[in-house]
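To keep things clear, I will list the structure first and then write my remarks on it.
Please treat every number below as a calculation from the coordinates, not as lab data. The structure presented is a predicted model; accordingly, all values stated were derived computationally and were not measured. Don't worry about glycine lacking a Cβ; one is built from the backbone with ideal geometry, like all the others, and counts go over all protein chains shown.
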Amino acid sequence: MKKLNEMTITEAARALRAESASRRISVRELWDACSEIAKAKNPELNVFLEIFDADEAAIENAQKRIDEDATSASGRSAPMLCGIPLAIKDNILIEGKIVSAASKMLANYHATYDATVIKKLKDAGALFIGRTNMDEFALGSSTENSAFGVTKNPYDITRVPGGTSGGSAAAVAAHMAIAALGTDTGGSIRCPASYCGVVGLKPTYGVVSRSGVIAAVSSFDQVGPITKTVEDARILFDTIRGQDTLDSTTIPDGLYSENKKEIKTVGVPRNLFAGILGEDMLERFTSALEKTGCNVVDIEIPSAKPALAAYYIINFAEVSTNLARFDGMRYGHASRGETLLDDYLLSRTEGFGEETRRRVLLGTFVLSSGYIDAYYRKAVAARVQLTREFNDAFKKVDIIATPTMPTPAFKIGEKSDPLSLYLEDAFTILANLTGMPAISIPMGFVEREGKQLPVGIHFTAPHQAEKMLFTIGNTVEKTL
Amino acid sequence: MATKEEVKKLATLARIKIDDADLEKFTSEFDAILAYIGQLEKLELSDVKEEIPALHNVMREDGKPHAPSAYTEKIVTQFPASEKNALVVKQIISHEEIE
């Protein structure tokens, strides 16, 4: 039998319910297996900012629900996630636990309520191993911007795990949790999924509630699963999705109705990565595509290249607005000086890390009068045009594919100038600008300096057509 | 192109302090970043009007409010300073005569 912590959600759920006593595992055993590995590996990888103590009541309750199913005449009622240990990104609120967004600003802040996604997971009987490291306030692409040190890539500890959900992806890759939740603003689920060789889904904007999730860029942010398999991603997604009265940006099922269809044709916007993709990356990508058995055609998305500039303008603008709430008055880091202005200045200057300060300043710039038309309003218009081009493309093709990232994981410290790091996100940001769902699935390995490093293939589907992503994902996964 | 004075002004607006060493660094980085995002100016936009969002008028009926002070204690524990259930802040209105 597989080591318990190495199981997928599906495998663990089956083992928890095995009929033969010799094959059956307990919730406690599964928890201990994950928790022990998490504690053993964390000093080296820095995946978790905190590993939680076992919640005895939750473990007992999950076991009870599973046991009752075995004797109940009506059969199964305990959800698949019952008794499954998950890792949670440190910007998602779990009542009573610290939630810091990997910032000094919130280093000692305790969540006063559960995020809706946490409530849903608790209802399903899921357990929480710990809170995972990330780029401060979800700003970055490498988890190097954490106030609590960088997370190491489990495949090569001299490399980054990607970001901003680097801790969540590394936790799943290193089998320190069965699966994890991340958040995605410009690729923050899919980039680390690609670098760590796991599956990552960014759902359609509005499908998953963000009540209780620390805001970075409100018009882009979505919560999503990071898992070992496509099927696990579907299970986790099905559990956390749904309209929520606590988040008025959530959408009802079927808002975009006509979007679920059979996948025959895959479109590839080749001009987007011509000249920037290594030969081995292109070879992996082409071979993964061939194995889908779909008809592959080249498509043009003319606004896709300038879209990266639009993405960062909107990102800076919304970050500076969202982070204005941290003023040292009501909660979070609070420093006191001579005057009230000093209180604000000291609290914000001490509380925010370098990249956060940089983006707040850039956001203040692109929103300032005299520049707002040239930058922010133009970016919003470019976003509309890009979405239109994607919608047009989906009239000709069923799904759109690119590599998730232009390269495998880079070395820690390699991209020290901020602009070079921003350019890494060129493929993933498109789905955040359009609000469409997208998934990263492992497409094999490429070699760098004698190390085999995982890389991912990226699919985008029309709004609310996550099902298509799971279908094509399953095919890619099986043929790998 | 960005000048140190401009960056300093932005910092004042954003309530952030930047020391001189950082100011130099931020200013040169801003030049590179602004040059990059400035390429958007060249993008031709064909009659893009404000898109009407698919989702609108999200309102709900008034529901039953939660019991008074149900969350007070939890929230007060997160205040930097408190007196009973009140948040302590600096006095901002002075009784002294302004000269």
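Would you mind calculating the gained length between residue A:1 and residue A:297 on full extension (0.36 nm times residue separation, minus the Cα-Cα distance), in nm to one decimal?
Answer, rounded to one decimal: 102.3 nm.
Is it possible to state the helix-based mean residue ellipticity at 222 nm for chain A, with each DSSP H run of 4+ residues giving -39500 (n - 2.57), the sum divided by total residues, to the nearest 500 deg cm²/dmol? What is it?
-11000 deg cm²/dmol
State, as an integer percentage, the relative contact order of chain A based on alpha-carbon contacts under 8 Å between residues 6 or more apart.
Reported as a whole number, the value is 17 percent.
Within segment A:55-210, what percent of beta bridges assigned by DSSP are antiparallel, to the nearest 5?
20
Please tell me which of these pairs span more than 30 angstrom C-alpha to C-alpha: A:152/A:395; A:120/A:291; B:17/B:42; A:411/B:25; A:89/A:411?
A:152/A:395; A:120/A:291; B:17/B:42
Arrange A:424, A:283 by Cβ neighbour counts within 10 Å, fewest through most, would you?
A:283, A:424
Averaged over all directions, how much area does the convex hull of the C-alpha atoms of segment A:352-464 cover when projected, in nm²?
Over all viewing directions, segment A:352-464 projects a mean Cα-hull area of 9.4 nm².
Of the beta bridges DSSP finds with both residues in segment A:370-480, what % are antiparallel, to the nearest 5?
Just about 100 percent of them are antiparallel.
Relative contact order (percent) for segment A:1-103, with alpha-carbon contacts under 8 angstrom and 6 or more residues of separation?
Averaging sequence separation for qualifying contacts and normalising by length gives 27 percent for segment A:1-103.
For residue A:97, what residues show an amide H to amide H distance below 5 Å, using hydrogens built from the backbone and excluding near sequence neighbours?
Residues meeting the amide H criterion: A:111.
Where a Cα-Cα gap under 12 Å defines reach, which aspartates and glutamates qualify for residue A:2, not counting those fewer than 8 residues away within the same chain?
Excluding near neighbours in sequence, the set is A:11.
Excluding residues on the same chain fewer than 8 positions from residue A:97, give the aspartates and glutamates whose Cα lies under 14 Å from its Cα.
The qualifying aspartates and glutamates are A:50, A:53, A:55, A:114.
How long are the three semi-axes of the equivalent ellipsoid of the protein assembly as shown, in whole Å, if each is the root of 5 times an eigenvalue of the C-alpha gyration tensor, listed from largest down?
Values: eigenvalues 260, 205, 107 Å².
Ellipsoid semi-axes (Å, largest first): 36, 32, 23.
Could you tell me which helices of chain A pass both thresholds, a Cα extent of 15 Å or more along their own axis and a mean Kyte-Doolittle hydropathy of at least 0.5, with helices taken as whole DSSP H runs?
A:230-240, A:307-322
Looking only at chain A, where both bridge partners belong to it, what percent of the DSSP beta bridges are antiparallel (to the nearest 5)?
70
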